[in-house]
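**Student:** What follows is a structure written as structure tokens; I'll ask about it next.
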Amino acid sequence: MGTVHARSLEPLPVSGSDFGALGDEPELIEVEPEAKQEVLENKDVVVQHVHFDGLGRTKDDIIIYEIGDLFKAKNLIDVMRKSHEAREKLLRLGIFRQVEVLIDTCQGDDTLPNGLDVTFEVTELRRLTGSYNTMVGNNEGSMVLGLKLPNLFGRAEKVTFQFSYGTKETSYGLSFFKPQPGNFERNFSVNLYKVTGQFPWSSLRETDRGVSTEFNFPIWKTNHTLKWEGVWRELGSLARTASFSVREESGHSLKSSLSHAMVIDSRNSSILPRRGALLKINQELAGYSGGDVAFLKEDFELQLNKQLLWDSVFSTTLWGGMLVPMGDKPSSIADRFYLGGPTSVRGFSMYSIGPQSEGDYLGGEAYWAGGLHLYTPLPFRPGRGGFGDLFRTHFFLNAGNLCNLNYGEGPKAHLRKLAEFIRWSYGAGIVLRLGNIARLELNYCIPMGVQSGDRICDGVQFGAGIRFL
């Protein structure tokens with residue numbers, strides 16, 4: 001599947017030496033590559049017709065947008081390259097199970113001497129498809145069942161129902177997705193959902209019922225997301241031993257927020273990159289479009305990766321964020337930042353850094369975290385070129401802090417407070433990359449700068465997820 005087939009532009013000679021004659025074989029070996037070289041590289045061609053076999057409910061206009069560049073090809077190599085690109089675009093639409101490409105010389109009365117026909121043989125997805133898979137989050141796993149109605153109206157729209165059951169979270173949702181014809185990265189979606197999560201580090205249970213709309217679009221080298229979300233939140237205690245501070249947060253709230261996210265990502269992989277950089281900036285404003293929760297929230301993520309000698313990679317990361325309550329109400333425990341654990345500041349238990357009450361961690365309104373990492377191949381390179389390449393040796397140094405700020409004190413006081421009680425850790429371990437799905441880490445951690453109330457994990461710590469500091 002996916003092969004681009006091209007037939008010769010020049011017919012084979014109908015007379016001449018027999019191909020089976022042993023004595024003529026050396027002459028054929030010398031002459032044949034030169035003839036092909038001339039055909040492939042030096043001959044100008046024109047794409048006269050593009051045919052599609054197998055189309056059913058797909059509309060013509062969305063197909064025309066995806067193959068338009070094919071008619072600009074000037075030679076056979078260019079035709080093959082643009083055919084491959086068109087095939088990738090068609091598969092990206094998510095409406096075809098299979099796409100094959102056949103390039104042939106033109107047939108018919110209007111045929112040009114250098115004319116080509118390109119045929120796409122496609123197999124559309126069924127009207128209803130189902131899926132079953134597992135997902136890995138930040139130190140949690142889940143089973144996901146899904147039903148999908150692809151290509152609902154013939155222009156790559158889709159309706160998806162998804163149910164997820166995880167170790168800490170259970171959710172189900174219904175979504176509608178609509179891309180712009182000719183620009184798949186520019187798309188619109190509407191989501192209805194219910195999510196129930198358990199947060200044992202805070203003795204908190206949260207149930208969200210909401211609706212959201214998203215608009216995604218690229219600008220130059222950046223990708224942007226504009227989102228509105230309206231959610232009815234129900235907070236409750238997870239255990240009878242929950243602290244009074246957590247019980248005080250219990251109850252119902254309505255949040256209506258507008259948010260914007262910008263991403264610049266030049267990494268070669270999102271799971272365990274060897275080169276490239278990532279910059280992600282998020283802003284969220286709640287309260288101005290309704291609801292009884294009001295705040296301004298900003299956070300960012302920066303990552304730089306550099307390949308070194310002996311297949312080693314040096315990586316540095318920096319996270320930060322700030323939450324500013326607006327109005328008379330304090331910030332909610334559901335909106336604050338959390339820090340600590342095998343996916344952020346290693347050597348500390350999950351989200352166990354910062355303000356806490358009777359052993360329940362309440363989160364903070366400002367934080368920063370940074371990390372330096374060195375990834376190297378396994379010693380003596382066992383399994384090189386195969387399974388062994390999925391493993392990397394990992395050396396790290398992490399640091400960070402999480403706290404609440406008095407916003408009347410000014411920026412200098414804020415920076416001084418964020419720098420007061422820095423938690424940090426160092427160690428080494430093994431990293432396993434699970435394709436482009438997730439990664440697993442097994443590290444030996446030595447936590448430092450531990451403050452009263454912090455919960456540490458001194459020694460071996462296991463982590464699984466897709467986003468690591």
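The values are calculated or read from the model by the stated rules, or taken from the named source; none is laboratory data. Keep in mind the model is a prediction, meaning the values are calculated, not measured. No Cβ is skipped: glycine too gets one built from the backbone with ideal geometry, and neighbour counts run over all protein chains shown. With ligands, DNA and RNA removed, areas are computed over all heavy atoms of the protein, side chains included. Shrake-Rupley method; radii C 1.70, N 1.55, O 1.52, S 1.80 Å.
**Student:** Pairs K280/K329; K59/K89; K74/K178; K148/K255; K227/K412: which exceed 25 Å Cα-Cα? Each step should come with its number before you reach the end.
**Tutor:** Details: K280/K329 29 Å; K59/K89 15 Å; K74/K178 34 Å; K148/K255 29 Å; K227/K412 33 Å.
Flagged as over cut-off: K280/K329; K74/K178; K148/K255; K227/K412.
**Student:** Out of the total accessible area of the chain (probe 1.4 Å, heavy atoms of protein only), what percent is carbon and sulfur?
**Tutor:** That fraction is 58 percent.
**Student:** Also: Taking the stretch 126-207 as the region of interest, what is the percent of Cα-Cα pairs per 5 angstrom bin, listed from the shortest bin to the one with the maximum distance?
**Tutor:** Result, from short to long distances: 3, 13, 19, 19, 17, 13, 9, 5, 2, 1 percent.
**Student:** Next question. Select from N216, F348, G276 the residue farthest towards the positive end of the dipole of the chain; place +1 on Cβ of Lys and Arg, -1 on Cβ of Asp and Glu, and compute about the Cα centre.
**Tutor:** F348
**Student:** Then there is this: Could you state how much accessible area T316 has, in square angstrom rounded to the nearest 10, with a 1.4 Å probe and all protein chains kept in place?
**Tutor:** 40 Å²
**Student:** Kindly report, to the nearest 10 Å², the accessible surface of L390 as traced by a 1.4 Å probe over protein heavy atoms only.
**Tutor:** 50 Å²
**Student:** Let me ask another. Over all directions, average the projected area of the Cα convex hull of the chain and note it in nm².
**Tutor:** Averaged projected hull area, Cα only: 30.2 nm².
**Student:** Which value, in Å², gives the accessible area per residue of the chain when a 1.4 Å probe is used on the protein heavy atoms?
**Tutor:** On a per-residue basis, 53 Å².
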